[in-house]
1. Would you be so kind as to identify which of B:137, B:20, B:123 lies farthest towards the positive end of the dipole of segment B:7-172, taking Lys and Arg as +1 and Asp and Glu as -1 on Cβ and the Cα centre as origin?
2. Just to confirm my numbers, what's the Cα centroid distance between segment A:196-270 and segment A:29-79 in Å?
3. Could you check how much of the accessible area of segment B:7-172 is carbon and sulfur, as a whole percent, using a 1.4 Å probe?
4. Give me the percent of DSSP beta bridges within chain A that run antiparallel, rounded to the nearest 5.
5. Ranking request for peptides A:402-413, B:62-73, A:16-27: highest mean number of other beta-carbon atoms within 10 Å first, then the rest in descending order.
6. What is the sum of charges around residue B:7, taking Lys and Arg as +1, Asp and Glu as -1, for the other residues whose C-beta is under 13 Å from the C-beta of residue B:7?
7. When you look at the Cβ of every residue in B:76-84, what mean number of other chain Cβ atoms sits within 10 Å?
8. Evaluate peptide A:50-63: per residue, the Cβ atoms of other protein chains within 10 Å of its Cβ; return the mean as an integer.
Amino acid sequence: MTDAAHATLDCDVVVVGTGPGGATAAHVLTRAGRSVIMLEKGRNHLLALDAPFGPLGHVSNDEIKFTRRHFLGPDPLLEPRTFRIDDGDGDRRWTGDVNNLPSTVGGGGFHADGKLPRFREVDFRARSELGPIEGADIADWPFGYDELEPYYTEAERLVGVAGDHTANPFAAWRSGPYPMPPGPDMFCATVTAAAAERLGYHPYRAPTGVNSIEYDGRPACNNCGFCAFYGCPIEAKGDPVGLLRAALHTGHCEIRPDAHVTEVVLDATGRQARGVRYLDAAGDLHEVTASAVVVACGAFETPRLLTRSGIGNPDIVGRFLMYHLQTLVLGLFPFRLHAHRGRAVTHLMDDPIVPDELAMAAARDAGLPYFRGGIVEHGGAGMPIMEAMHLPSGEMHSRLMLDSPMRDCMAAFTMQGEDLPQATNRIDDDPRVRDVWGRPAGRVTYSPHAHDAACATHWAPRLEAVMKEAGAHTTFWVTSPPLRDHLRAGADPTPTSRHVMGTTRMGTDARITVCDPTQRCWDVDNVLVADSSVFPTSTGYGPTLTIVATALRAATLLAGGDAPRTTP
Amino acid sequence: MPRFLTDSEHRTLAAACDRLIPPLDAHPGAAALGVADYVDTLLAAFTFDPPRIFAGGPYSGRAGGDASFDDFLALSPLEELAWRTRIEGSRGEPAREFNGPVVGWQQRYRDGLGGLGADFADQPPGEQDRRLDADPAFKALCYEHACEGAYGAPEYGGNRGLAGWTAIHFAGDVQPRGYTDEAVSGRD
Ligand SMILES: Cc1cc2nc3c(=O)[nH]c(=O)nc-3n(C[C@H](O)[C@H](O)[C@H](O)COP(=O)(O)OP(=O)(O)OC[C@H]3O[C@@H](n4cnc5c(N)ncnc54)[C@H](O)[C@@H]3O)c2cc1C
Ligand code: SF4
């Protein structure tokens, strides 16, 4: 682009989406002196958009607002999504909320409770180190852990992660400790973690994106307990408010909420983007021109935006959708655990990710070369309305609310089981259901691989044994999504997992991937994808720290910066 | 004074919700918890300015800080569209019917309470249960809202005198005081 042409642009880079991925890209680019306009479909409840960019005071300990009334969006009445297990379900099996992450300034980072582990070295080389599994399309990442390590370190520093770097025996190498020590352990997790240790497992204090001490001008967490699914009223969670505020402070960043990007606009060659078009709150259409576009709409909306814009091979965009197959193992205790105080999860364990002899034998019995489970989160249950809604009505309701088996006496393990990539799992447009803008609703077609189901079935009883060892008098387990044999007619078949990945895969072969190893689209190389859409595999870890680390890397390369290096 | 429901509907609703969340030992029933007021406030949300959909923040004042839950937040045009549709129904307006007509909660309560009968509150419990069971969809709607009204923040109209939280030993919103580390890590 000539200097004269560049001078007429609205900004250097337009960033679509303000979640952890978009916020990271904006931070890197503005730090490098680039001007950035961020467009966000949802409302702004996170921070003032005028200096000094303080909190707006909209966030509160309010179960009705956050969990019952779609405060952070998207409202499924305005933006329904549909779901089907496979083509056998016809056009859809379910309409409504399908893995909705917030649509708001801050995206899902706003209300996540931020367990932020790194992936392990082998996660980037699963295909070459572990080999293929029939029916899945396991691929290596186009870069390795060693290349990403400095970005992980930077991601932990920017977000503000509290943790103990010596605690997890299975962790990948790291170049330094966490920026903050771990926060207080929840009582419930100390009970279950001690039991896990007695049975030979390796629980550790979870790295969380929550301040354990004052950090980055934000206070330490005061343990209010309204954490997962809520924003933090005191800004003790760093992701992504810290990144957005830093970007705004450079003076090079503007955030426009209520700005729904409808398409990436290509030039006459169709090989370069010249900006984006968006609808504002009044429904008026605008165009923003820029020399590059960062798409960070989350792994559900990113492929839809690319498809609408004619970017990427239409046979591949939207495919290889991955979640985590969640195995929920619940234990009811004869004493109160008060898991509703403090952060939602304070301990993790990686044992199912690194299969032991028992797991390997079970894998062989299931006809599989290996099992790759996921982190086990040690947590408890939530708030009173949630508990009440799960109880029957009548006298039983009042009796159980007094005893509080769920909110106060239940411990929960959530295994975030690795979800193997399959081309048939995908996001496309529903043929009939519409959103408020009159466009097709997004549709998921998804069924977990036999590996994921067998792995869940193997680990669930082992985790129940831990619950029993911890003192639970009753244990049971379920998976989300329900395994096929457990699916009741009319029941919600959608995965509750909010870890959504893989819909615009990156790789080294332009024929079978959407993005190149620097996360740029192969066919329109000034469009960069900065979210988990690019993940070739899901691993068994929460995706968000890796979203931030990969976005840091991709945006640094886009800005022409040198890739930093660290050594083990 | 109810704002949307008639006095008679309000009485029927209070009695119906009292069957769903009945008084038991230290647990007050839904009627005493003000659940019918919660539902009436929701159905009449748009008679307030701003509409009583999203309470303000960051603090209620119950655990320190200035009380601001009562300062309800203004809705965006799209949020207003969604909540009017949900509460009032689509009423044949094309903007509300992009996926077909929607029967709003106002209509569902009017019809559902009518179906229970104006004499519902005076019936014995067994008869009340029979009438509630005759319309499972309406019973489910009432139950959902009864749970919200019994255990949600009182600024939405229910949880009268914080009795819902008190009964179940729940402190409710605790910002900006929070909990001490000992309260998180120690056994009660
Ligand atoms: C309760 C909860 C707990 C969680 N806990 C964890 C955890 O412990 N660890 C972990 O790793 N992950 C966790 N997650 C997941 C985490 O929130 C996501 O991985 C993360 O938010 C993804 O970041 P993103 O930037 O890729 O996308 P998002 O956060 O989804 O942000 C995308 C943004 O783009 C906007 N957008 C979409 N389309 C458009 C468009 N067309 N125009 C303009 N804007 C658009 C959206 O409105 C949204 O704000 C949790 C999620 C939830 C819900
Ligand atoms: S538990 Fe801590 S981090 Fe979570 S919302 Fe409360 S104060 Fe914020």
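1. B:137
2. 11
3. Summing carbon and sulfur atoms, their accessible area is 52 percent of the total for segment B:7-172.
4. 70
5. A:16-27, A:402-413, B:62-73
6. With Lys, Arg at +1 and Asp, Glu at -1, the net is -1.
7. What the average comes to for B:76-84 is 6.
8. Across the residues of A:50-63, the mean count of other-chain Cβ atoms within 10 Å is 5.
The values are calculated or read from the model by the stated rules, or taken from the named source; none is laboratory data. Every value quoted in this text rests on a predicted model; they were computed, and no experiment measured them. Neighbour counts are summed over all protein chains in view; Cβ atoms, including those assigned to glycine, are modelled from backbone coordinates with ideal geometry. Side chains included, ligands, DNA and RNA excluded: accessible areas come from the protein's heavy atoms. Shrake-Rupley method; radii C 1.70, N 1.55, O 1.52, S 1.80 Å.
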